[in-house]
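Read through the structure below, which is laid out as structure tokens, and then see the notes.
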Amino acid sequence: MSSIINNSNANSALVNTLESSDSMMNPNVYSTKEVYPTSATVWTKNQSSNGGTGDSQQLNFNLNKYGIIEQILLEYTKVTSANADTIPEGDIFNVVERVELLSGSRTTSILTGADLMAQFSNLTSSELGVINRTAIKSRGGSTTLNTTRHTYVLPLTFGFMEDINTQLNASFLEPLSIRVTWGVNTKYVTGTDATSTGIESGSCTLQVRYKSYPEQPTAQILASNYNQPELVQVSTRFYDENPQTFTYTDVNPSTGGALGYGGRSETINLRNTDCVEAFYVMVREIEGSGATLRYGPCEQITNLAFRGSGQDILNLTEGNLAYGALQENGFSTMGATANEVASSAVRLMDIGKIQVGLFENGGGGPLSNTLSLREINAPQITVSFNSKDGGAGTGQEKRYRVDIVENCTAIYSTSSAVGRLTLALSN
């Protein structure tokens, strides 16, 4: 019976053309798949070298020279001290203000709280599910326990670690370190007494996963990567535009009218001149001030417009934005979905994304495109969103913060002589 099909195909002009092309390959001609050299995987726990875990304080960690860094996990414990106290969902984005990767004493890459939200909004449900369980979901609310410890584990995935080819070789590079800057309100809890000691002293550690090769593969790595004065690598880094804050008062303060749900539109001028692979826009309500400052969930974005050099480059409605992550197959994928981190406390899926290239392998695939902002005159993004009711009474206000986070292409260089890692070119 197979001869009928094969004979029919043999008389097809299309089949004959395809099989005579250079692209023809028989999958049943055996060939060995790529094989990596075996390696040893080591996990090590790093205690802080100095600093503190209080509001607005910094904590420093020195990384060991144990091999190639595959993963960095930040772990800390928060303590609640009263019955029914709850640490709300997304608390980690307020607790961690900034995490810096330093080579020597120079900052090489930064992840801010807004960067982490943008990064996580790009993940699939299965990827985000792990982070939701260990770092984002709410904790506490017990009616039977008093003092309770809640452990958080946050992955620190810098651009270097999104591709196996650019993972940092800590054993060769000059000493690497991590610096964590805490938020201004790390003790925040809700509940009957609403009391917390914040981050437990001595509980904050780094769990670092290293890959170490035997002598021969290690010699090959050194000979191949560092046979020239410098090793040049293409990676990514986040750049945050200056956050903008906006205050809206009652529609009619003289009569005590409520602000009401209304469409707001704000234009943000872009100061960055790097090459951008994706823009992330988020709008959050500002809750409290000073030492009680918090940021609320991401608000619903109804429209994003990008303008530069006097022209409208794009204008995307909420429905258009949902299709922004275009894949090679012509269809779009979705990041943070409604069944993961979708409560009113975070809402990562309401982060607006403008992607200039194709989406592949969680953003860690080939560099499909990048957009240079350097020669675009007066670039700006206009974000439209729905504001909340300010409440009845004269002078009621709502304050909002707009963050624009840009995932940028960057070229890093490593000195073969001393292992110094530096940002070589960002445009």
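The values are calculated or read from the model by the stated rules, or taken from the named source; none is laboratory data. This one's a predicted model, so the numbers in the text were calculated from it and none came from an experiment. Don't worry about glycine lacking a Cβ; one is built from the backbone with ideal geometry, like all the others, and counts go over all protein chains shown.
For the reader, a short list of remarks on this structure follows.
- Of all residues in the range 288-315, those that are among the charged types (D, E, K, R) and in contact with a helix residue (DSSP H, G or I) (Cβ under 7 Å, 6 or more places away or on another chain) total 2.
- Test for residue 181: is it in a loop (DSSP other than H, G, I, E, B) and within 24 Å of the chain's Cα centre (by Cα): no
- Residues that are over 15 Å from residue 336 (Cα atoms) and modelled with pLDDT of 90 or more are absent from the range 117-129 altogether.
- Restricting the range 408-427 to residues that are surrounded by 15 or more Cβ atoms within 10 Å (Cβ to Cβ) and among the hydroxyl-bearing types (Ser, Thr, Tyr), the residue that is farthest from residue 369 (Cα to Cα): 416
- Applying the set (1) among the basic types (Lys, Arg); (2) under 23 Å from residue 175 (Cβ atoms); (3) surrounded by fewer than 16 Cβ atoms within 10 Å (Cβ to Cβ) to residue 98 leaves exactly one unmet item: (3).
- Options 54, 90: the member that is buried (at least 16 other Cβ atoms within 10 Å of the Cβ), assigned to a loop (DSSP other than H, G, I, E, B) and within 25 Å of the chain's Cα centre (by Cα): 90
- Residue in the range 337-345 that is crowded, with 21+ Cβ neighbours inside 10 Å, more than 29 Å from residue 410 (Cβ to Cβ), among the charged types (D, E, K, R) and modelled with pLDDT under 85 present: yes
- Screening 381, 376 for residues that are at pLDDT 90 or above, assigned to a loop (DSSP other than H, G, I, E, B) and either among the acidic types (Asp, Glu) or surrounded by 17 or more Cβ atoms within 10 Å (Cβ to Cβ) (or both) leaves exactly one candidate, 376.
- Any pair with Cβ under 7 angstrom, 6 or more apart, that starts in the range 197-216 at a residue that is under 28 Å from residue 185 (Cβ atoms) and in contact (Cβ under 8 Å) with a residue 40 or more places away in the chain and ends at one that is surrounded by fewer than 16 Cβ atoms within 10 Å (Cβ to Cβ) and among the charged types (D, E, K, R): 200/149; 205/45; 207/45
- Among the residues listed as 24, 117, the single one being hydrophobic (A, V, I, L, M, F, W, C) and under 28 Å from the mean Cα position of the chain (by Cα): 117
- Restricting 99, 153 to residues that are outside any helix (DSSP H, G or I), farther than 23 Å from residue 234 by Cβ, among the aliphatic types (A, V, I, L, M) and not assigned by TED's automatic domain parsing to the domain that holds residue 346 narrows the list to 153.
- On the stretch given as the range 11-48, residues that are surrounded by 11 or more Cβ atoms within 10 Å (Cβ to Cβ) and without any contact (Cβ under 8 Å) to a residue 60 or more places away in the chain total 5.
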